[in-house]
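A.B. asks: Below you will find the structure I want to go over with you.
What follows is calculated from the coordinates using simple rules that are stated; it is not laboratory data. Model, not experiment: these values are computed from the prediction. Reconstructed Cβ throughout: ideal geometry from the backbone, glycine too, with neighbour counts over all protein chains shown.
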Ligand SMILES: Nc1ncnc2c1ncn2[C@@H]1O[C@H](COP(=O)(O)OP(=O)(O)OP(=O)(O)O)[C@@H](O)[C@H]1O
Ligand SMILES: [Mg+2]
């Protein structure tokens, strides 16, 4: 297990994104569930896309219509990207069967994760993004 409890990164432009995404995956170590806390437009989807690419997903990333769960294929398994922005309550997550997704064995990347919190144990990586003067400050910690 990674002994570091917190990782702080700065991204000045998109060229620095792959390195930051790799650092976050390294920080996560065995953990596979990532929660993204950041304002609208901060770059959550962009970062998730990069992390999934590094994990070997193929490029069927953007879906034409909004969906709560997007599944990305990689060799022999899947990555799951959740966007819970339009969710109205935690009950809707139960209807989607999230307890199966959140078993810790599968990679899950969750935007707007507040409603998912009741279903998660403490083995997740929390990623916060803030922006000041075009620099994105990323703070990763163990949930
Ligand atoms: N590290 C970065 N440097 C520069 N621009 C970025 C970076 N990350 C994202 N962007 C740009 O910011 C915009 C919003 O990014 P993105 O859709 O990933 O944000 P989001 O946090 O997922 O938004 P939402 O809250 O709507 O889901 C995009 O145009 C993207 O190209
Ligand atoms: Mg997004």
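A.B. asks: Could you run the Debye sum over the Cα atoms of the range 69-143, one equal point scatterer each and no solvent, and tell me log10 of I(q)/I(0) at q = 0.11, 0.12, 0.18, 0.20 Å⁻¹, two decimals?
C.D. replies: Rounded to two decimals, the profile gives -0.32, -0.38, -0.81, -0.95.
A.B. asks: Between residue 73 and residue 29, what length in nm is gained on full extension when 0.36 nm per residue of separation is reduced by their alpha carbon distance? Don't skip to the end; give the middle numbers.
C.D. replies: Numbers: separation 44, 0.36 × 44 = 15.84 nm, distance 2.08 nm.
Length difference between fully extended and current span is 13.8 nm.
A.B. asks: Using a/c under 1.5 as the rounded threshold, could you call the chain rounded, prolate or oblate? The axes a ≥ b ≥ c are square roots of the C-alpha gyration tensor eigenvalues, and prolate needs a/b larger than b/c, oblate otherwise. Could you put the intermediate results ahead of the total?
C.D. replies: Values: a/c = 1.33, a/b = 1.30, b/c = 1.03.
Because its axes are fairly even, with a/c under 1.5, the chain counts as rounded.
A.B. asks: Which value in deg cm²/dmol, rounded to the nearest 500, describes the helix-derived mean residue ellipticity at 222 nm for the chain, given -39,500 (n - 2.57) per DSSP H run of n ≥ 4 and division by the residue count? List each step's numbers first, then the result.
C.D. replies: Working: 4 runs with 33 residues, N = 143.
Calculated from helices alone, the mean residue ellipticity at 222 nm is -6500 deg cm²/dmol.
A.B. asks: Arrange 141, 67 by Cβ neighbour counts within 10 Å, fewest through most, would you? Each step should come with its number before you reach the end.
C.D. replies: Details: 141 15, 67 12.
Ascending number of Cβ neighbours within 10 Å: 67, 141.
A.B. asks: Given the options 24, 35, 54, state which has the largest fluctuation in a GNM of the chain using a 10 Å cut-off (strictly under) for Cα springs.
C.D. replies: Largest GNM mean-square fluctuation: 54.
A.B. asks: Between 0 and 90 degrees, rounded to the nearest ten: what's the tilt of helix 44-54 against the longest Cα principal axis of the chain?
C.D. replies: 90
A.B. asks: Next question, about the same structure. Once you keep just the Cα pairs under 8 angstrom separated by 6 or more residues, what percentage relative contact order results for the chain?
C.D. replies: This gives 36 percent for the chain.
A.B. asks: Give me 109, 143 ranked fewest to most by other Cβ atoms within 10 Å of their Cβ, as a rough exposure proxy. Mind dumping the intermediate values first?
C.D. replies: Working: 109 27, 143 16.
Placing the least packed residue first, the sequence is 143, 109.
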